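This report concerns only the one structure given below.
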Amino acid sequence: MSPPTGPKNPDKTQHIKGIRHYPAFVSAITQLAEEAKAKGSPVLVACHVGAAELVFTEQSNFEHISQQSGIYEVLYGVQELIDHSLTQFSTTIKNWCNFADTILKIIKNHHVKEAAD
């Protein structure tokens, strides 16, 4: 099996500049993640989330996304299953991993800060 590649049609990539309805967005991410986890194989999980072709052009929304209920568990669960070596071959998988890792880091930083206070 050859490694997955980036988007076949770059015009179809979803460039996300802003999010107005965080619960709806997180619900869509949760559904995508749950579908991916059901694939079982680390390669198929990565390909499924990469197929969404998400590109976040603005990370200012990440703080708000990180505050949504259940997002940590969903992203952590997918990140544990993904074959991260595929990020070398697929920008869409890399974009997903960067998004998920950044959200997880924000949440972890909040917990460390709360514990210190």
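Taken together, 70, 40, 77 contain a single residue that is touching a Lys or Arg at 6+ places or on another chain (Cβ under 8 Å) and of a type in the set (Gly, Ala, Ser), which is 77. Pairing each residue of the range 25-49 that is touching a residue at least 12 places away in the same chain (Cβ under 8 Å) with any residue that is open to solvent by 40 Å² or more (accessible area, probe 1.4 Å) and of a type in the set (Lys, Arg), provided the two are 6+ apart or on different chains, yields C-beta distances under 6 Å for 45/39; 48/39.
For the range 20-38, a residue qualifies if it is in a helix (DSSP H, G or I) and either open to solvent by 50 Å² or more (accessible area, probe 1.4 Å) or of a type in the set (S, T, N, Q) (or both), and the qualifying residues are 23, 24, 27, 28, 30, 31, 34, 35, 37, 38.
For the range 81-117, taking the residues that are more than 19 Å from residue 45 (Cα to Cα) and among the acidic types (Asp, Glu), the one that is least open to solvent (accessible area, probe 1.4 Å) is identified as 114. In the set (1) farther than 16 Å from residue 107 by Cβ; (2) modelled with pLDDT of 90 or more, the condition left unmet by residue 75 is number (1).
Figure legend. Inter-residue proximity from the range 67-80: first residues open to solvent by 100 Å² or more (accessible area, probe 1.4 Å), second residues modelled with pLDDT under 95, beta-carbon distance below 9 Å, spacing 6+ or different chains. Indicated pairs: 67/22; 67/110; 69/23; 69/26.
Per the listing 41, 60, the residue uniquely open to solvent by 40 Å² or more (accessible area, probe 1.4 Å) and closer than 20 Å to residue 23 by Cα is 60.
The values are calculated or read from the model by the stated rules, or taken from the named source; none is laboratory data. Just so you know, these numbers come straight off a predicted model, no measurement behind them. A quick note on method: Cβ atoms are made from the backbone with ideal geometry, for glycine too, and the neighbour counts reach across all protein chains shown. Areas reflect the complete protein model, heavy atoms only, side chains present, ligands, DNA and RNA absent. Shrake-Rupley method; radii C 1.70, N 1.55, O 1.52, S 1.80 Å.
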